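See below for the structure under consideration.
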Amino acid sequence: MKRWWIWIIAGLLPLQAFALTGEEVMKKSQAAFLYPGTDFKARVVMKLINKGGQERVRELTMLRKNMGEAGGEQKYFMYFFRPADVKDMSFMTYKYPAKDDDRWLFIPAINMVKRIAAQDKRSSFVGSDFTYEDVSGRDLEDDNHVIEREGKVGNRDCYVVKSTPKGTDADFGYKLTWVDTSTFLPLKEEQFDKKGAPYKVFTADEVADVQGIPTVVKRSMKNLQTGHRTEVAYLNTGYNLGIEDSLFSERFLRQPLRKWVE
Amino acid sequence: MKFSLVEFSIRRPKLVVWATVALTLLFLTQFPKIRTDTNPKHMLPDTSDVRVWNDEVDKTFGLYEDTIVVGVENDAGVLNRETLGRIAHITDKILALPGVASRDVNGFTTITNVTAEAGTLKVGPLMPGAPKTDAEVEALRGALFGNPLLVDRVISKDGKTTAIYVPLEKGANGAEIANKIHAIVAAENGPERYYIAGDPVARDTFGAEMFKLMGIFSPIAGMIMFIAIQLMFRNLALSIAMMAVAMAAIIWSMGLLIGAGFPVHIMSSMAPVFLMAIATDSIHIFNEFYFRYREKHDKLAAIRETMQAVSRPVRYTALATAAGFAVLLFMNIVPVKVFGGLIAFGTVVLRLFSFSLIPAILTFVKEDKIAQAAANESVELDRSARLLRGIGRIGTDRPLAVALLGVVMMAVAIVGTTKIHINNNLVAWFKQSSEIRVADTAMNQALGGTSLGYLVVQSKEPEFMKRPEAMRWLEGLQRDLEGMPVVGKTFSVADYVKRINRVLHDDDPKFDTIPETQDTVGQYLFLFSMSAKPSDLDNVIDSGFQKANLWVQLKTWDAEAMRQVIHAAQTYQQAHPLAVTVKPAGIAYFNLVWNDEVLGDMVLGLSLALVVVFAILALAFRSAKWALIGYVPLLFTILLIYGVVGFTGKDFDMPLSVLSTLSLGMAVDFAIHFVSRFRQRLAESNGGRSEAAVREALLWTASRPGKGILRNALLFAAAFSVMLFAPLTPYIAVGAFIVAMMLLSALLTVLYLPALVMLGRNWLLDEPKPAAIAVAAHSKGD
């Protein structure tokens, strides 16, 4: 029994995982979740389901182009198909780290492009349970991130990271994110409100391999306080398609190129 | 051998007393479980159409059942940096309170505003933080008064008042949250005045007043009765006995109510005072006992004879009272039902005591004490007895004149009843000076109105509401409604569409209209939903765009206001036909439905009570003719009181309408006592049915049992007079009603029964003798 110290080290082994800090885990997660590839395209079908089970559908094509490294500037283009009366509406966002986004909207019925102030990242994305932040990410510097423990989602090992906002601008008090230890995709996120009560739950319901990149192709967000939930499916996903920078302009907002949005 | 409860009680008085004490303690153990229910919604069962529909509307449009409104008023205007700083600070603290639905709190810092600044569309909180410069304050002023959606909602036209609307999560404790908000605003220094109003606050205040009535006013009523009894009989043991009987009956009834799991409601909170008053019916036993004892000077014999003489009337009066209250079990309004059952039970218990506990206690009373007290009890010596005889004599000697006067008064009273105005205004249940009334008045003056109704406009087709014609229809209806004096502000999805149209076109007033195509409307709403709080749109339109919810803020809680709104909507629809249906909802609509239920219940209750009381009278007298005679003073009393209510223009509300039913059951007691005792007396007397004999018997009845009636009425009135000082107006109205009814019906019984009997004596007394004998024989047989 002289080698008792071996057992102690063996017992401590899982802690090796903690070699990463909370910040590092979230940074890797952001890169894996929101920045893979140089660009990305998906046909997005969102189902907005209320407490009574009534469904509303939003269908759009989403294009994303990274302008630099992971964590850097990005451009988003969204072209709506459904609901029927908003067909041809398109929405463009220039996303900057640590600065308010620039947003433009094309309203086909009055043939007008309008800049939209992005003062509130907490507001709902097209009436869903996802906020703009949930869709395009939240600045990592806005929160303190600490690895609380290790956990599992299904059979996947995860870091459980607690993120607490530094300021008061967030719509949550803190959140716990289950980050896959190998893919670094967030598999689950529990948000708690400022009073500490469970608020919203995000789940990555299906992860698929797209051109060698693990991608969350089905996800959902449920508001536990209102019973409202949103289910999102990504169809026809593709990476590194060579989307031109010129697409992200007012001209194409009015008249998007078919090959990109169809 | 027939078991006699009275005999048993006289023989084993100690056993009876101890058994009562034990049972009373048993019921008392239930008291700690007491809970109150002051939610006006619970007036109707949760399966009632209006509640099911209102719940559905709440669900469809994501509406909250309860909202606290915090008013902030500054005579110098709220738009200055100091006041705005305080408002921001207060709102932050409110948002952090548990139970507050923080995401949907609407105040300066949280309410959604749609503006255009330098070509950029801005949808977001009106004032994300307190302004730091005067220029920012001026910008806020511009934003507020430039957006009709905000004026009269979060800012008064004169800029002196703002409001924070605080919706509560389901099951949150409104009273607790209101208290915390009180503490939050109390911590702020400054010239601002704060008003905290809304349903949850009203309910809580109501609950507190209810406990006050039960805990303070009921004991005071008891004390007053105790003193009154003591003055009447000058025997402490007797006074204590009567109070003990009343207390035991109250404890049994309330214990049963609480034990059975019923919450105490506005009606049942009055039960202790009612039971205390009903207990005074046993005064007839004591009254008679004193007279008998004076004649016989044998206590046990006096008890037996007393019980024989009064058993029949006492039993039937109890039956009548219990039946009067039991009629309430057929009502639609839940608390009224519970109240009816409660008092019916209490009355039965009281009568059980009349034949057990009271005789048992009488055996304990020392003979010399009774002798002392009874010395004054004689028809000849007693002043009040002589007065009563005098009143009776007016009836017997001038029957025609008395009857004619009655007919005239009845006619006048009937005119008065046609002026009765049914209305339940829950806020008016609080006194003018109460905090809640003050807050409600101030908010109604400054902002769009505190009473909220909805008009749900539904189509059969999905997406229909996005059509420009539907939007314009909504807008037109709003303009129509806003022309009504009772309507403060209206609010619908059309307001958002117009606002967005204008803002997208550089705030050009020309575009303050509904756009031409459905696609435009759809895209505007989509645009709005991209940036606003989800609830902003959910509150006014359903997810399928098939139902729109038009908010109507009313300046008064009068139920009539919502009826006017519904009528105006119907008229509008006739003038502007569109393939939609309009259904009212909301608390204001609930109040209207409930108000109509009160009316329906009153008509039903009154008819039922009239039938039941007549049946009981006929049964008690074994004669329909006598029942008819006994009916007269009763009807007369009620007509007179209703006439007065009609002439004074007081709102006829739920408590009064319930009383109208009950009063029949209670006021009939006097007629039963009078007629039974008169016929007994006449049967016992030797004068046959000659006019002189009838007159003498009537005068004897007026003075001897009449004294019991007078004492009963005085005690009743004394107990209820306490309620005149109660803090809630329904209690005051009930108090005044009962005091008036008891005194009036006692007087009318002693005056009109002799007159009517004299007038109709040939018709009344010309019946086969066995009936009269049967009555006498029956009463002796007990």
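The values are calculated or read from the model by the stated rules, or taken from the named source; none is laboratory data. Note that the structure is predicted; figures quoted are calculated from it, not measured. Using ideal geometry, Cβ is built from the backbone for each residue, glycine included, and neighbour counts are taken over all protein chains shown. Quick note on the areas: whole protein, heavy atoms, side chains included, nothing else; ligands and nucleic acids left out. Shrake-Rupley method; radii C 1.70, N 1.55, O 1.52, S 1.80 Å.
Looking only at helices (runs of 4 or more DSSP H) that lie completely in the stretch B:512-601, which have at least 2 residues being more than 14 Å from every other protein chain (Cβ to nearest Cβ), of a type in the set (Asp, Glu) and touching a residue at least 60 places away in the same chain (Cβ under 8 Å)?
Working: elements: B:518-531, B:534-538, B:559-575.
In the stretch B:512-601, no matching helices (runs of 4 or more DSSP H) lie anywhere.
Conditions first: (1) over 30 Å from A:Ala117 (Cα atoms); (2) open to solvent by 20 Å² or more (accessible area, probe 1.4 Å). B:Ala135 passes all but one, so which condition is the exception?
Failing condition for B:Ala135: (1).
B:Lys160 - would you say it is within 14 Å of chain A (Cβ to nearest Cβ), open to solvent by 20 Å² or more (accessible area, probe 1.4 Å) and modelled with pLDDT of 90 or more?
On the way: within 14 Å of chain A (Cβ to nearest Cβ): no; open to solvent by 20 Å² or more (accessible area, probe 1.4 Å): yes; modelled with pLDDT of 90 or more: yes.
Considered against the rule, which asks whether it is within 14 Å of chain A (Cβ to nearest Cβ), open to solvent by 20 Å² or more (accessible area, probe 1.4 Å) and modelled with pLDDT of 90 or more, B:Lys160 comes out as no.
Working carefully through the options A:Val232, A:Val216, find the one that is assigned to a strand (DSSP E or B), within 17 Å of A:Tyr35 (Cβ to Cβ), in contact (Cβ under 8 Å) with a residue 60 or more places away in the chain and more than 14 Å from chain B (Cβ to nearest Cβ).
Numbers: A:Val232 fails: within 17 Å of A:Tyr35 (Cβ to Cβ).
Only one candidate passes the filter, namely A:Val216.
Kindly provide the set of residues from the stretch B:170-180 that are buried (at least 17 other Cβ atoms within 10 Å of the Cβ) and either acidic (Asp, Glu) or away from every other protein chain (no Cβ under 14 Å) (or both), ordered by number.
B:Gly174, B:Ala178
Within the stretch A:60-84, take every residue that is within 13 Å of chain B (Cβ to nearest Cβ) and in a strand (DSSP E or B) and give me the one that is most open to solvent (accessible area, probe 1.4 Å).
If we filter the stretch A:60-84 for residues that are within 13 Å of chain B (Cβ to nearest Cβ), which is where we start, we get A:60, A:78, A:80-84.
Going one step further and asking which of them are in a strand (DSSP E or B), we end up with A:60, A:78, A:80-82.
Numbers: A:Leu60: 3, A:Met78: 8, A:Phe80: 0, A:Phe81: 22, A:Arg82: 106 Å².
The extreme case among them is A:Arg82.
Within the bounds of the stretch A:39-57, is there any residue that is in a loop (DSSP other than H, G, I, E, B) and modelled with pLDDT of 90 or more?
Residues of the stretch A:39-57 in a loop (DSSP other than H, G, I, E, B): A:50-54.
If we keep only those that are modelled with pLDDT of 90 or more too, we end up with none.
No, because not a single residue in the stretch A:39-57 is in a loop (DSSP other than H, G, I, E, B) and modelled with pLDDT of 90 or more.
Scanning for something open to solvent by 40 Å² or more (accessible area, probe 1.4 Å) and either under 15 Å from B:Ile181 (Cβ atoms) or in contact (Cβ under 8 Å) with a residue 40 or more places away in the chain (or both), does the stretch B:103-115 turn up at least one residue? Spell out how you get there, then give the answer.
At the first step, the residues of the stretch B:103-115 found to be open to solvent by 40 Å² or more (accessible area, probe 1.4 Å) are B:103.
Next cut, either under 15 Å from B:Ile181 (Cβ atoms) or in contact (Cβ under 8 Å) with a residue 40 or more places away in the chain (or both) only: B:103.
Checked against the condition, which is being open to solvent by 40 Å² or more (accessible area, probe 1.4 Å) and either under 15 Å from B:Ile181 (Cβ atoms) or in contact (Cβ under 8 Å) with a residue 40 or more places away in the chain (or both), the stretch B:103-115 yields at least one hit.
Scan the stretch A:32-57 and report the pairs whose first residue is within 11 Å of another protein chain (Cβ to nearest Cβ) and open to solvent by 40 Å² or more (accessible area, probe 1.4 Å) and whose second residue is part of a loop (DSSP other than H, G, I, E, B) and among the β-branched types (Val, Ile, Thr), with Cβ atoms within less than 8 Å and a gap of 6+ or a chain change.
Pairs that qualify, where the first residue is within 11 Å of another protein chain (Cβ to nearest Cβ) and open to solvent by 40 Å² or more (accessible area, probe 1.4 Å) and the partner is part of a loop (DSSP other than H, G, I, E, B) and among the β-branched types (Val, Ile, Thr), are A:Lys51/A:Thr226.
If you take the residues of the stretch A:149-172 that are within 14 Å of chain B (Cβ to nearest Cβ) and crowded, with 17+ Cβ neighbours inside 10 Å, which of them is modelled with the highest pLDDT? Please lay out each step first, then the result.
Step one: list which residues in the stretch A:149-172 are within 14 Å of chain B (Cβ to nearest Cβ), which gives A:167-172.
Right, trim to crowded, with 17+ Cβ neighbours inside 10 Å and you get A:170-172.
Numbers: A:Ala170: 76, A:Asp171: 77, A:Phe172: 86.
Selected residue: A:Phe172.
Sort out which residues of the stretch B:64-88 are open to solvent by 20 Å² or more (accessible area, probe 1.4 Å), not small (Gly, Ala, Ser) and not in a strand (DSSP E or B), and write them in order of number.
We begin by selecting, within the stretch B:64-88, every residue open to solvent by 20 Å² or more (accessible area, probe 1.4 Å); these are B:64-67, B:69, B:73, B:75-76, B:80-82, B:85-86.
Applying the additional criterion that residues be not small (Gly, Ala, Ser) yields B:64-67, B:69, B:73, B:75, B:80-82, B:86.
Those that are open to solvent by 20 Å² or more (accessible area, probe 1.4 Å), not small (Gly, Ala, Ser) and not in a strand (DSSP E or B): B:Tyr64, B:Glu65, B:Asp66, B:Asp75, B:Asn80, B:Arg81, B:Glu82, B:Arg86.
Name the one entry in B:Gly453, B:Gly522 that is more than 41 Å from the chain's Cα centre (by Cα), open to solvent by less than 10 Å² (accessible area, probe 1.4 Å) and outside the structural domain of B:Val151 (by TED's automatic domain parsing). Show your work before the answer.
On the way: B:Gly453 fails: more than 41 Å from the chain's Cα centre (by Cα).
None of the others qualify; the one that does is B:Gly522.
So which of B:Met242, B:Met247, B:Met223, B:Met214 ends up being under 30 Å from B:Glu176 (Cβ atoms), out of contact with any strand residue (DSSP E or B) (no Cβ under 6 Å at 6 or more places or on another chain) and aliphatic (A, V, I, L, M)? Outline the logic, then answer.
Details: B:Met242 fails: under 30 Å from B:Glu176 (Cβ atoms); B:Met247 fails: under 30 Å from B:Glu176 (Cβ atoms); B:Met223 fails: under 30 Å from B:Glu176 (Cβ atoms).
Selected residue: B:Met214, the only one of B:Met242, B:Met247, B:Met223, B:Met214 that is under 30 Å from B:Glu176 (Cβ atoms), out of contact with any strand residue (DSSP E or B) (no Cβ under 6 Å at 6 or more places or on another chain) and aliphatic (A, V, I, L, M).
Note down all Cβ pairs under 9 Å where the first residue falls in the stretch A:178-196 and is within 14 Å of another protein chain (Cβ to nearest Cβ), the second is polar (S, T, N, Q) and not in a loop (DSSP other than H, G, I, E, B), and they're at least six residues apart or on different chains.
Sorted first by the residue in the stretch A:178-196, then by its partner, the pairs are A:Asp193/B:Ser102; A:Lys194/B:Ser102; A:Lys195/B:Ser102.
Taking the stretch A:46-62, which residues are within 21 Å of A:Arg115 (Cα to Cα) and out of contact with any helix residue (DSSP H, G or I) (no Cβ under 6 Å at 6 or more places or on another chain)? Break it down into steps so the answer makes sense when it comes.
Going residue by residue through the stretch A:46-62, those that are within 21 Å of A:Arg115 (Cα to Cα) are A:60-62.
Hits for the stretch A:46-62 are A:Leu60, A:Met62.
Does the stretch B:431-458 hold any residues that are of a type in the set (Ser, Thr, Tyr), over 23 Å from B:Phe590 (Cα atoms) and out of contact with any Ser or Thr (no Cβ under 8 Å at 6 or more places or on another chain), and which are they?
Within the stretch B:431-458, the subset of a type in the set (Ser, Thr, Tyr) is B:433-434, B:441, B:450-451, B:454.
Then keep just the ones that are over 23 Å from B:Phe590 (Cα atoms); that gives B:433-434.
Scanning the stretch B:431-458 gives a single hit, B:Ser433.
Tally time: how many residues in the stretch A:94-133 are under 17 Å from A:Arg64 (Cα atoms) and either within 8 Å of chain B (Cβ to nearest Cβ) or open to solvent by less than 10 Å² (accessible area, probe 1.4 Å) (or both)?
To start, the set of residues in the stretch A:94-133 that are under 17 Å from A:Arg64 (Cα atoms) comprises A:94-97, A:101-105, A:125, A:132-133.
Filter once more, so that each one left must be either within 8 Å of chain B (Cβ to nearest Cβ) or open to solvent by less than 10 Å² (accessible area, probe 1.4 Å) (or both): A:103, A:105, A:125.
Within the stretch A:94-133, residues that are under 17 Å from A:Arg64 (Cα atoms) and either within 8 Å of chain B (Cβ to nearest Cβ) or open to solvent by less than 10 Å² (accessible area, probe 1.4 Å) (or both) number 3.
Among the residues in the stretch B:34-47, are any among the charged types (D, E, K, R) and touching an Asp or Glu at 6+ places or on another chain (Cβ under 6 Å)? So that I can check it myself, show each step before the final result.
Our first condition is that a residue be among the charged types (D, E, K, R); within the stretch B:34-47, this holds for B:35, B:37, B:41, B:46.
Pick out the ones that are also touching an Asp or Glu at 6+ places or on another chain (Cβ under 6 Å) and you get none.
Scanning the stretch B:34-47, I find no residue that is among the charged types (D, E, K, R) and touching an Asp or Glu at 6+ places or on another chain (Cβ under 6 Å), so the answer is no.
Look through the stretch B:229-246, keep the residues that are open to solvent by 10 Å² or more (accessible area, probe 1.4 Å) and in contact (Cβ under 8 Å) with a residue 60 or more places away in the chain, and return whichever of them is nearest to the chain's Cα centre (by Cα).
Within the stretch B:229-246, the subset open to solvent by 10 Å² or more (accessible area, probe 1.4 Å) is B:230-232, B:234, B:236-237, B:240, B:243-244.
Now drop any that are not in contact (Cβ under 8 Å) with a residue 60 or more places away in the chain, which leaves B:232, B:234, B:237, B:244.
Numbers: B:Met232: 33, B:Arg234: 37, B:Ala237: 37, B:Ala244: 28 Å.
Once the filter is applied, the top-ranked residue is B:Ala244.
Here are the criteria: (1) more than 16 Å from the chain's Cα centre (by Cα); (2) open to solvent by 50 Å² or more (accessible area, probe 1.4 Å); (3) not hydroxyl-bearing (Ser, Thr, Tyr). Tell me which single one A:Val261 does not satisfy.
Result: A:Val261 passes all but (2).
Tell me, please, whether a residue that is closer than 27 Å to B:Phe528 by Cβ, aromatic (Phe, Trp, Tyr) and in contact (Cβ under 8 Å) with a residue 60 or more places away in the chain can be found in the stretch A:93-101. Let's see the steps before the verdict.
So in the stretch A:93-101, the residues closer than 27 Å to B:Phe528 by Cβ come out as A:93-96, A:99-101.
From what is left, the residues that are aromatic (Phe, Trp, Tyr) are A:94, A:96.
Filter again for in contact (Cβ under 8 Å) with a residue 60 or more places away in the chain, leaving A:94.
Yes.
Output the residues belonging to the stretch B:287-311 that are free of Cβ contacts under 8 Å to residues at least 24 places away in the same chain and acidic (Asp, Glu).
B:Glu295, B:Asp298, B:Glu305
Of all residues in the stretch B:389-441, which are of a type in the set (S, T, N, Q) and surrounded by 14 or more Cβ atoms within 10 Å (Cβ to Cβ)? Before you say what the answer is, go through the steps one by one.
Start the filter on the stretch B:389-441 by keeping residues that are of a type in the set (S, T, N, Q), which leaves B:396, B:417-418, B:423-425, B:432-434, B:441.
Across the stretch B:389-441, the qualifying residues are B:Thr396, B:Thr417, B:Asn423, B:Asn424, B:Asn425, B:Ser434, B:Thr441.
Give me the strands (runs of 3 or more DSSP E) completely within the stretch B:92-168, filtered to those with at least 1 residues that are out of contact with any Phe, Trp or Tyr (no Cβ under 8 Å at 6 or more places or on another chain) and either in the same structural domain as B:Gln478 (by TED's automatic domain parsing) or farther than 23 Å from B:Thr67 by Cβ (or both), ordered by residue number. Walk me through it before giving the result.
Values: elements: B:112-117, B:120-125, B:161-167.
The strands (runs of 3 or more DSSP E) meeting that bar are B:112-117, B:120-125.
Of all residues in the stretch B:80-110, how many are within 13 Å of chain A (Cβ to nearest Cβ) and closer than 13 Å to B:Thr162 by Cβ?
4
Quick grid of which residues meet (1) among the β-branched types (Val, Ile, Thr); (2) under 29 Å from the mean Cα position of the chain (by Cα); (3) surrounded by 24 or more Cβ atoms within 10 Å (Cβ to Cβ); (4) more than 22 Å from B:Pro40 (Cβ to Cβ):
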| site | (1), (2), (3), (4) |
| --- | --- |
| B:Ser253 | no, yes, yes, yes |
| B:Leu328 | no, yes, yes, no |
| B:Leu342 | no, yes, yes, no |
| B:Val348 | yes, yes, no, yes |
